[in-house]
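Written below as structure tokens is the structure these notes are about.
The values are calculated or read from the model by the stated rules, or taken from the named source; none is laboratory data. A quick note: this is a predicted structure, and the numbers were derived from the prediction, not measured. Here the Cβ positions follow ideal geometry from the backbone for every residue, glycine too, while neighbour counts run over all protein chains shown. The accessibility values were calculated without ligands, DNA or RNA, using every heavy atom of the protein model including side chains. Shrake-Rupley method; radii C 1.70, N 1.55, O 1.52, S 1.80 Å.
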Amino acid sequence: MDELLRPEGIAAAAAIIIAVVAVFSIIIHTFINGISPMPSSWKARRAIAAILAGEMKTGSIAELGSGWGTLLPVLSRKLPQCAITGFENSPVPFLFSRLLLLCMRRKQIRVIFGSFYETPLAPYDAVVCYLYPGAMEKLKLKFTRELESGSLIISNTFAVPGWEPERTVVLNDFFRSPVYVYRMGPGNSGNTLFIG
Ligand SMILES: C[S@@+](CC[C@H](N)C(=O)[O-])C[C@H]1O[C@@H](n2cnc3c(N)ncnc32)[C@H](O)[C@@H]1O
């Protein structure tokens with residue numbers, strides 16, 4: 001008992017409590033959101049950044065559900081002139097991503113705490129996401145109402161239901177994961193690229 005009351009004991013107990021609270025927070029928000037904060041693979045991050053860099057040099061990009069923030073630095077390296085905003089509503093990944101950005105000192109990136117359903121998308125030239133089918137269904141309406149004609153939607157793995165992608169990049173990974181590229185407005189056509 002005496003050992004627990006020593007500074008080392010108190011620090012160890014505090015660390016355990018923080019770790020348990022953090023794990024519970026992640027589990028609870030995974031249930032609320034319907035998706036865990038699992039990051040995009042390295043291949044997906046590289047492919048998304050390459051697609052965007054091929055489409056735009058300046059402008060603003062929103063990442064809907066930015067998780068631990070691991071896609072943001074990849075985007076910022078490829079798109080140094082773009083303003084990049086991540087939205088995340090799970091506190092632990094959000095705080096981690098803030099810490100990551102603090103270390104990187106990139107002024108072009110910010111991460112906002114809150115639900116992306118509550119944020120207007122009209123100011124963004126491109127949105128990026130890695131979510132799940134139910135979220136894509138809900139976002140479809142939001143994209144239609146809020147995104148300007150010509151805006152890009154890049155979705156890792158999950159398609160916007162009922163929409164024809166302008167193109168689909170198939171990753172050279174075990175699952176042959178698709179990255180869907182949509183452009184708001186008329187004139188979509190589908191073709192498939194392979195990226196290693
Ligand atoms: C599979 S992770 C993808 C993380 C990151 N975009 C990436 O590609 O590495 C999905 C993230 O979306 C977040 N999310 C889900 N619904 C959200 C909402 N309504 N508002 C903000 N974030 C949300 C989750 O908390 C999770 O961190």
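Details
- Within the range 125-174, considering residues that are basic (Lys, Arg) and out of contact with any Pro (no Cβ under 7 Å at 6 or more places or on another chain), the one nearest to the ligand (Cβ to nearest atom): Lys138
- One residue from Ile48, Ile27, Ile61 being in contact with a Cys (Cβ under 6 Å, 6 or more places away or on another chain) and within 13 Å of the ligand (Cβ to nearest atom): Ile61
- Filtered residue count, the range 72-109, keeping only those that are within 14 Å of the ligand (Cβ to nearest atom) and not in a helix (DSSP H, G or I): 8
- Breaking point among (1) under 20 Å from Leu171 (Cα atoms); (2) among the hydrophobic types (A, V, I, L, M, F, W, C); (3) open to solvent by 30 Å² or more (accessible area, probe 1.4 Å); (4) in contact with a Gly (Cβ under 9 Å, 6 or more places away or on another chain), for Phe96: (1)
- Considering each residue of the range 31-51 in turn, none proves to be surrounded by 11 or more Cβ atoms within 10 Å (Cβ to Cβ), of a type in the set (A, V, I, L, M, F, W, C) and over 20 Å from the mean Cα position of the chain (by Cα).
- Every residue from the range 53-80 that is among the hydrophobic types (A, V, I, L, M, F, W, C) and closer than 20 Å to Glu146 by Cα: Met56, Ile61, Ala62, Leu64
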